[in-house]
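Worksheet: one structure, shown below.
The values are calculated or read from the model by the stated rules, or taken from the named source; none is laboratory data. In this text the structure is predicted, and so the values were computed from the model without any measurement. Cβ atoms come from the backbone with ideal geometry, glycine included; neighbour counts cover every protein chain shown. These area figures cover heavy atoms from the full protein model, side chains too; ligands, DNA and RNA do not enter into them. Shrake-Rupley method; radii C 1.70, N 1.55, O 1.52, S 1.80 Å.
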Amino acid sequence: MNKLVQLISQQAAKYGTREVIRHKSGSGNDWVSISWIEFSHRVELTALAMKKIGIKQGDNVAVFSHNRADMFATDFGLFYNQAVPVPLYATSGHDQVKYIIEDASIEYIFVGNDEQYKIARIVQKQIPYLKQIICYQDDVVIDDNDSSTITFERLLQLAADATADDNNELQRRMKEGSSEQMACLIYTSGTTGEPKGVVLTHSNFDEQLQEHIRRIPEMSDSDISMNFLPLTHIFERAWCYLCLMVGMRIVINTNPHDIQQAIFEIQPTCMCCVPRFWEKVYTVLCDKISKMRFFNRLMIKAALNVGRRRNLVYLRAGEKVPWLLEQQYQFFERSIFGRVRRLIGVKRGKMFPTAGAPISPEIVEFMHAIGVNVMVGYGLSETTATVSCFPATNYVIGSIGTPLESLSVKIGDDNEILVKGPSVMKEYYKKPEINATAFTADGYFRTGDAGYIDKKGNLFITERIKDLFKTSNGKYIAPQILESRLSADNLISQVAIIGDQRKFVSALIVPNFDALREYADANGISYSDNKSLAENDVINQYVANSIEKYQVGMAAYEQIKRFTLLSSPFTMENGELTNTLKIKRNVVCKNYANVINKMYK
């Protein structure tokens, strides 16, 4: 029996009535607690009901919803049936959903709200073999002529009709599973091209979970994790499975817009994050510091110096902190650091794994100085999440940590990072031509990322090879490096570096309009809206001066020569961002072609 199949019942026997999941109730604001016994029972009912409606071993079943507690019951119910969850991002449009339904030959789909139901319903009319839609929310308005759709609660009621034969069949399925069977089919969001289905087996997850328990022994069942990244993302999915294996409580933020309030209420000890979260925290804190009185700014500066010495010089090296330095730190912990972390929502924070995009070393150093353990890592859907991450000590800021012990990582042609090991995917689903080029002759997966390994085994990423572009002068540019640097600027909300086959590097910048309005008001600059503010010459010079400090040390050909301030942000709705908030450069270049061309006239 596979470990993911045994996990819930084993933990329920161990923890009983102890809380495992906390979530908001329907449209209410009250937190609802679910015990291990309750959760285990719900998983069993879900699994039996799935068998009753016709889900078979090996079936691919889509899950199309924002995060919610019953998505876990769905996953493990499918594992019990030796069926395969295929998560879809809640923000996916019709074309993406239709493509995945067809590619994975999906007959059943679980949806969250009205919007997702409507998309699934349209796809169902186009694809006859999509038999049934199951709605998590009871208040979804079902079409009058739709006789096949049922709610999740109605699905669970079908388990009451289960016979002894149904139970025996479910038990057979649970015991019969092979570790090499597909556990999940994760479709990459991708910054270019159509999504590819990543085949992850039970053995991939088994190895990754055990490896993380070895790598992060400080995780315990007394911790509490806030779930706010999409469960569709392999990073959050693998982390939540790890939390369940450790016995850690999971608090599910069901509404992405409520995340700041939810974090403040819960004060989690652990939480998966993308760099964008810490970028926003950093810019807000820096903005508040800049507005303080002179004496208070001096105190903050002194506190940060003490925090850096204590946390990044001594503790990082695994050395004992000198008595006087520790006393100074504890003073600032009580007067400054503890208060700041409480405002962020992480006063009791233990570790915050962060991956998905480059993060500025300046931000990482700042967070560690104030006592926030931002654990930088690197991974892909194809590697069941983590390839490398910060170890407990001797991590190097600016790196992406050291590789997990079970993985072999080396640098190939064009400095490409290559990975081999038991957590690397089996293949791309139904993509034989792509599979032929995805691996080297000796079995290493080609990550598409360029980097290097230093003498102490720390892994560094320099650029995304597919994102690398060349100017018309023949110079190669790694846009993500400069984008990562600029993300630390309080004046900049989003940035897309442009320059492929162009004479020089330019940028499209979505500014922090709150900061710009404050500057304009203080300097008597008139404006009527964001557009007039973005077009103001004085404002543009102000932003240009700020940009300059982030380009120090860069070659002249790598530096931004011209930029345009945009009055509206890049969005997923416009196709300009992936579901993990990475820039889709080809879409941005298409959507803003006229703006870009003006910069090169």
- Filtered trypsin sites (Lys or Arg not before Pro), the stretch 504-586: DSSP coil and at most 15 other beta carbons within 10 Å: Lys549
- Anisotropy class of the stretch 315-356 from Cα gyration tensor, a/c 1.5 cut: oblate
- What size of dipole, in debye to the nearest 20, comes out for the chain about its Cα centre when the only charges are +1 on Lys and Arg C-beta atoms and -1 on Asp and Glu C-beta atoms? 1920 debye
- Query: How big is the Cα convex hull of the chain in projection, averaged over all directions, in nm²?
  - Reply: 29.7 nm²
- Honestly the stretch 97-209 on the Cα gyration tensor test (a ≥ b ≥ c root eigenvalues; a/c under 1.5 rounded, otherwise a/b vs b/c for prolate or oblate) is just oblate
- Message: I need the trypsin sites (Lys or Arg not before Pro) found in the stretch 28-63, filtered to DSSP loop residues with at most 13 other beta carbons within 10 Å of theirs.
- Response: Lys56
- Note on the structure: Per the charge dipole of the chain (beta-carbon charges, Lys/Arg positive, Asp/Glu negative, Cα centre), the residue among Thr462, Phe513, Ile539 reaching farthest to the positive end is Ile539
- Message: Which trypsin sites (Lys or Arg not before Pro) in the stretch 353-436 sit in a loop by DSSP (not H, G, I, E or B) and have at most 14 other Cβ atoms within 10 Å of their own Cβ?
- Response: Lys430
- Coordinate range along principal axes, alpha carbons of the stretch 1-108, Å, largest first: 42, 38, 22
- Trp31: net charge of surrounding residues, Cβ under 13 Å, Lys/Arg +1, Asp/Glu -1, itself excluded? -1
- Task: Using Cα pairs closer than 8 Å and at least 6 residues apart in sequence, work out the relative contact order for the chain, in percent.
- Result: 10 percent
- Query: Starting at 0 and stepping by 10 Å, how many percent of the alpha carbon pairs of the stretch 248-389 end up in each bin?
  - Reply: 10, 38, 36, 14, 2, 0
- Take the alpha-carbon centre of the stretch 352-368, take the same for the stretch 42-73, and report the distance between them in whole Å. 36 Å
- Message: Students sometimes get this wrong: rank His94, His233 by accessible area, probe 1.4 Å, all chains present, largest first.
- Response: His94, His233
- Note on the structure: Counting only protein heavy atoms and rolling a 1.4 Å probe, one gets per residue an accessible area for the chain in Å² of 44 Å²
- Message: Give me the net charge for the shell around Ser506: Cβ to Cβ below 9 angstrom, other residues only, Lys and Arg +1, Asp and Glu -1.
- Response: +3
- Query: What longest range of the chain stays clear of loop-exposed GluC sites (Glu not before Pro) (DSSP non-H/G/I/E/B, at most 16 other C-beta within 10 angstrom)?
  - Reply: 1-179
- Task: Report the label-to-label distance for Ala302 and Ala436 in nanometres (one decimal), using points 7 Å from each Cα along the Cα→Cβ vector.
- Result: 6.9 nm
- Which net charge results for the neighbourhood of Arg316, defined as the other residues with beta-carbon distances under 11 angstrom from its beta-carbon, given Lys and Arg at +1 and Asp and Glu at -1? +1
- Note on the structure: Over all directions, the stretch 352-431 yields a Cα convex hull whose mean projected area in nm² is 6.4 nm²
